[in-house]
Amino acid sequence: MTSLFDIVNKIHQMTNSGKLGSTVKQSSLVTSSAGIAKTAQEKPFDAMNNIVANLLLNLTRLDQMFSDAFSRDHQLIQADPKHSLYLACALLVRGNVQVSDLRRNIERLKPSLHFVSWNQEGWKTGLCSVPPVGHSHSLLALANNTCIKPTFIELKDKFMKLYKKKVQLLPL
């Protein structure tokens, strides 16, 4: 219960100061290893058969990286960015990526992302040819959208449920 009141206080401070702090609840955070199961011991035969599959995956890896950036499974909070309204979106790409690859993926993603009517071309891009250490390329997607709204609605509903039960409120 204390955590819920801390979050409500942080939201109050956020609305007064205009700064976004750590206002989302811990249960909405997703770890990067969620849903990934590691096998304890991989057999040599299985490892050899995976070579072809991994080769095919690497051929479409760049396009998959762009799709993953806007998928529900690769977000820092439990949210679905494809079902939200976008004000703007920035894509920062590093590595062996051409401008044509960047444009192609933006055009491919445009139909599935909903931008506000007055900013249909709300994309900013950055391209650096130096790859990150240990990888051939990377993508950072920064989006100003409404996908956090359900998290705040759920938080408000839980707070109102406690408030209606007249749970003791501590002064600030």
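Things to note:
- Filtered by the rule that a residue be surrounded by 14 or more Cβ atoms within 10 Å (Cβ to Cβ) and touching a Ser or Thr at 6+ places or on another chain (Cβ under 7 Å), the range 94-107 gives Arg94, Gly95, Leu102.
- Qualifying residue in the range 145-160 (condition: within 12 Å of Leu92 (Cβ to Cβ) and touching a Leu at 6+ places or on another chain (Cβ under 6 Å)): no
- Ser117 within 21 Å of Arg61 (Cβ to Cβ) and of a type outside the set (A, V, I, L, M): no
- The requirement of being modelled with pLDDT under 90 and more than 21 Å from Arg61 (Cβ to Cβ) is not satisfied by Ser136.
- Within the range 118-127, the set of residues being part of a strand (DSSP E or B) and either surrounded by 13 or more Cβ atoms within 10 Å (Cβ to Cβ) or charged (D, E, K, R) (or both) comprises Trp123, Lys124, Thr125, Leu127.
- Reported count of residues in the range 60-116, each being assigned to a loop (DSSP other than H, G, I, E, B) and small (Gly, Ala, Ser), is 3.
- Residues located in the range 63-115, provided they are among the β-branched types (Val, Ile, Thr), closer than 27 Å to Pro150 by Cβ and at pLDDT 90 or above: Ile106
- Residue within the range 145-153 that is within 22 Å of the chain's Cα centre (by Cα), more than 21 Å from Asp63 (Cβ to Cβ), surrounded by fewer than 16 Cβ atoms within 10 Å (Cβ to Cβ) and without any contact (Cβ under 8 Å) to a residue 40 or more places away in the chain present: yes
- Only listed residue being assigned to a strand (DSSP E or B) and either out of contact with any His (no Cβ under 7 Å at 6 or more places or on another chain) or more than 26 Å from Gln64 (Cβ to Cβ) (or both), chosen from Leu162, Leu139, Leu155: Leu139
- Test result for Gly134, more than 17 Å from the chain's Cα centre (by Cα) and without any contact (Cβ under 8 Å) to a residue 24 or more places away in the chain: yes
The values are calculated or read from the model by the stated rules, or taken from the named source; none is laboratory data. None of the values given here were measured: they were computed from a predicted structure. Cβ atoms come from the backbone with ideal geometry, glycine included; neighbour counts cover every protein chain shown.
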